[in-house]
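Following: one structure in structure tokens, then a few remarks.
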Amino acid sequence: MSEASSRPAPVVFAIANQKGGVGKTTTAVSLGAEFGAQGIRTLIIDLDPQANATAALGLSDP
């Protein structure tokens, strides 16, 4: 059995809503932080021009 086939399939969560101020960034960052704390490899992609998730994670906008 190869290493790739022994890993579980990736799971994708999309946190989306057209309305602002409903907690999308807070939800995404909180889920990402919790998954990371549990040792689950996590990727958060911040497509919002305001880059609030990027800032919340302590990163700078490139």
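FYI, it's all coordinate maths here, none of it is from the lab. Just so you know, these numbers come straight off a predicted model, no measurement behind them. Backbone-built Cβ (ideal geometry, glycine too); neighbour counts: all protein chains shown.
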Shape category assigned to the chain from the gyration tensor of Cα positions, a/c cut at 1.5: prolate
Highest-MSF residue in the chain out of A33, A14, A51 [GNM, Cα springs under 10 Å]: A14
Trypsin sites (Lys or Arg not before Pro) lying in DSSP loop within region 4-62, provided at most 15 other Cβ fall within 10 Å: K19, R41
